[in-house]
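These notes concern the structure reproduced below.
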Amino acid sequence: MAISEVIVDALYSRVLINENGETNLALLMKEQPESETSQTDTTASETSSSYNVSLGRVKINNASSRFTDQNLPIVFDAHMQALNGEISGFSTSSKQPVDIALEGQVDEYGMVEIDGAMNPMNVTAQTTIKLAFSNLDLPAMSPYTIKFAGREIAEGKGDIDLTYEIVESELTASNNLSLIHISEPT
């Protein structure tokens, strides 16, 4: 089956880290015993070779996402909206990763760009995701600064660049933070 384009309007996702540090995304994955895993891998490769699906691109319009981290001294909550972009190049007969490119707004004045590549059929083989946040309101980041730096932020703006790469199940992360005019509460 070949589909040239799918258009998705107003997609919504919810990511939650609970008090124990577990994510709601973990609920999507079912752990399988080792013996079942090898059988599943064989069945999946047989299925993919007998039935191929290719998708040229998924165009995303006006998507939104809410991220909440309850595993902090103060709950962190951020909302991304007006996410637009595309995911392209998917095929079950290829090991090539799909390309991801999205842009949108974070809370009131911030911006986000999400770029990357991943194979949805085998995410742990090779995945790269880059998130570039700009003009973020730093007082909203106080739950993280309290936990990791021991300080609350009263005012300021910042840019955050996050890069996550998985190669053969090994995660490498790079996080860069640029602070612009910050002050601690008096």
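The values are calculated or read from the model by the stated rules, or taken from the named source; none is laboratory data. Because the structure is a prediction, the values reported are computed rather than measured. So basically every Cβ, Gly included, is an ideal-geometry build from the backbone, and we count neighbours across all protein chains shown. We work out accessible area using only protein heavy atoms, side chains counted, and drop any ligands, DNA or RNA first. Shrake-Rupley method; radii C 1.70, N 1.55, O 1.52, S 1.80 Å.
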Checklist entry - What is the number of the single condition among (1) open to solvent by 80 Å² or more (accessible area, probe 1.4 Å); (2) under 18 Å from the mean Cα position of the chain (by Cα); (3) closer than 23 Å to Ile17 by Cα that Gln126 does not meet? => result (3)
Checklist entry - Is it true that Gly104 is modelled with pLDDT under 95 and either in a strand (DSSP E or B) or surrounded by 19 or more Cβ atoms within 10 Å (Cβ to Cβ) (or both)? => result no
Item to check | Where Phe90 falls short, out of the listed (1) surrounded by 16 or more Cβ atoms within 10 Å (Cβ to Cβ); (2) closer than 20 Å to Ser65 by Cα | outcome: (2)
Checklist entry - Would the stretch 97-107 turn up any residue that is more than 30 Å from Asn52 (Cα to Cα), of a type in the set (D, E, K, R) and touching a Lys or Arg at 6+ places or on another chain (Cβ under 9 Å)? => result no
Checklist entry - If you check Asn52, Asn84, which single one turns out to be out of contact with any Phe, Trp or Tyr (no Cβ under 8 Å at 6 or more places or on another chain), farther than 25 Å from Leu179 by Cβ and either part of a strand (DSSP E or B) or in contact (Cβ under 8 Å) with a residue 60 or more places away in the chain (or both)? => result Asn84
